[in-house]
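Shown next, in structure tokens, is the structure this report addresses.
The values are calculated or read from the model by the stated rules, or taken from the named source; none is laboratory data. What you see is a predicted model; the values in this text were computed from it and never measured. Glycine also receives a Cβ, built like all others from the backbone with ideal geometry; neighbour counts cover every protein chain displayed. Heads up: the accessible areas ignore ligands, DNA and RNA and are worked out on the full protein's heavy atoms, side chains in. Shrake-Rupley method; radii C 1.70, N 1.55, O 1.52, S 1.80 Å.
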Amino acid sequence: MSKPIFLFVYANPDDNLENLLNEKAKVVEIIERRNVKDDFDYKVVSTRVEIVDFLKNEINRENLLLFSYSGHSAGDKLITEQEQTESIGIVQLLALCPNLKLLVLNGCSTKGWIQQLEISFHKNQFKLPVIIATSSKVQDKVAADFGIAFFEQLFEFGLSFQKSFDIAIAVIKTHVQAQGLNIHRFLDEMAKPDSAIIDSWIISISNESTASEKNINQFLKISDSNFQPNIRLFKTLITELSKHNSEIRKRYENNKKVISNIHPYKPDIYKSFPFPISKRLQRLDSSESIVDSKDQQKDFFNKVDKSRLGELIRTFTTISDLLFAIAQAELYNLLNHSHLKLNANQTSFILESYKPAKTYLISDKLFFWVEILKSKAESLFVIELTELSTTFFEIFDYFEKLSLKYATLSNDEAEGLVELVEIKLEFIFRETLFLINYNLTTIENILLNRRRKEDAKYSHQIYKQQWSGLEPSKDTETLETFLDNTSIILHKGNIESSLEYLNLSPFLLDDALFNEKATVSNLMVISKVKMDLQLFYYRYLIYGSMEGSGTKELMFQENSKFSNEIDFENRVFVEIYSEWELYFKTIENAV
């Protein structure tokens, strides 16, 4: 078997199935997004002649993995365009396809095909594919929603045939028998759909088949067994970074732009990005994770398994958290230093998005913020934020939905998604490569240094968020001017020359700010806020982010000694609380 093929048939000869074109367009989009690996071919047809011509070809029959029909049907007939297609002939041709794993018949009353298929496949001694059919008439809108939902789960999220079917059924069960759902996919247009229309779909699995437990990615592995984690991702990073990093460019050009070994490049790749992203890349490449606690089980992320899929998702999450912190800081800065005004709807959405009861995706929030920022793009510190593409936000949305499904994925399903997700992450890195132009620094405290009549200097206690092989640790930089206290700043070049910068606090914080004796940094992002209860919900960018504990609460602690002194942790908390209070007032007053 060479490259697998999928055959999709969408037929609407009388042009009366209003939702079929949308179903076809959506499914083709899904297939195109999945085919970034180019590990399969697909063909979309609409006539009997096209179906027959395809199935007459022996190579096509050998490579056919999936056959799907959507349109009018009438038991033993498919109402294809130009002329009808009898089931008996199509069944016999499909029964000559030894590698067919899935057959979808998304029209009315196609259940009768199952027995014909069983007889024909057994006669040819081929395993029967998983068959999805209908037991009665089905409404056009419901059928379209079923097809879109099924293939989305199957291709986008790598779920098994059975799980994809179950979710598609759950989706169509949200329909009610209401006006607009009376068009169906049966030959006799005068007939009415059955009342239990949403219960019409069935999935048939023979005793000899375990395909229901499989996912489409596992069958596609037949054509691509040479995938090695990190190779493509790191080669892309090397190629792109060679345009900006002199050390990487020198090595790349000395090797005549042929990357035979990615390992010598890794230190310079890690140094190029802000530390949270560098750390994620290092974890993806390491055979063993950093152990965050004594009881934590060691995980390996350089193998094609569920652990790696989780780390790929967490890498994306770290990038998305950083981008959203930048977007929030940019808007806050504009509201304070420009004449930017918000309308009532914008103000309402921004304030609502921080409430714990709301569950907006970060992709939706980032897109909303970026659209506002575009009106003042020339005033932004990170102008590249407004240049993110539509495809970027589509992939962003995909990652967020996948992260919600991750816990329920089986090991086989997760394994089948690893390469696809790594390719999508590669695109995210391409779009956000501008982050290499910026550095992150935590400023814990600033002390004034002045002796007699000398000019004052300012001693900054900082954590440089830059990869060095070790975690960011406390350091001191003495500058002739002062930056922002108890903050995380985004700046270009060295901190000594950072007269212009973007303060990412209070949206991005550092655990070290709350511990006077801390020596190691650990960044956190604020996700939700309850000002009335003085509660902030946060998660760590690296240690703890989507890794067990999830979101935590940060709250003011009463002084246990009942003294008049405010301890270090609460002093910082009060500063952050005051900043959030000012931020919300600024949003409210911007209308």
Exercise. Would the stretch 383-401 turn up any residue that is at pLDDT 95 or above and under 21 Å from Asn343 (Cα atoms)?
Worked result: yes
For this session: Answer yes or no as to whether Tyr398 is under 15 Å from Phe507 (Cβ atoms) and out of contact with any Cys (no Cβ under 6 Å at 6 or more places or on another chain).
Result: no
Problem set entry | Every residue from the stretch 428-463 that is under 26 Å from Ser272 (Cα atoms), open to solvent by 40 Å² or more (accessible area, probe 1.4 Å) and without any contact (Cβ under 8 Å) to a residue 40 or more places away in the chain | Gln461
Problem set entry | Condition met for Leu21 (open to solvent by 60 Å² or more (accessible area, probe 1.4 Å), within 25 Å of Phe155 (Cα to Cα), of a type in the set (A, V, I, L, M) and within 32 Å of the chain's Cα centre (by Cα)) | yes
Problem set entry | Residues of the stretch 464-481 satisfying the condition of being open to solvent by 60 Å² or more (accessible area, probe 1.4 Å) and closer than 15 Å to Pro276 by Cβ | Lys464, Gln466, Ser468, Leu470
Problem set entry | Residue that is outside any strand (DSSP E or B) and either touching a helix residue (DSSP H, G or I) at 6+ places or on another chain (Cβ under 7 Å) or among the small types (Gly, Ala, Ser) (or both), where the choices are Glu422, Glu444 | Glu422
For this session: Only residues that are in contact (Cβ under 8 Å) with a residue 40 or more places away in the chain and touching a Leu at 6+ places or on another chain (Cβ under 7 Å): list them for the stretch 373-395, please.
Result: Leu373, Lys376, Ser379, Leu380, Phe381, Val382, Leu385
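Suppose the filter is among the small types (Gly, Ala, Ser) and more than 34 Å from the chain's Cα centre (by Cα); does Ser497 pass it?
Yes.
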For this session: Sort out which residues of the stretch 72-116 are out of contact with any helix residue (DSSP H, G or I) (no Cβ under 8 Å at 6 or more places or on another chain), buried (at least 22 other Cβ atoms within 10 Å of the Cβ) and of a type outside the set (Val, Ile, Thr), and write them in order of number.
Result: His72, Ser73, Cys108, Ser109
Problem set entry | All positions within the stretch 394-448 that are more than 26 Å from Trp467 (Cα to Cα) and among the acidic types (Asp, Glu) | Glu394, Asp397, Glu400, Asp412, Glu413, Glu415, Glu419
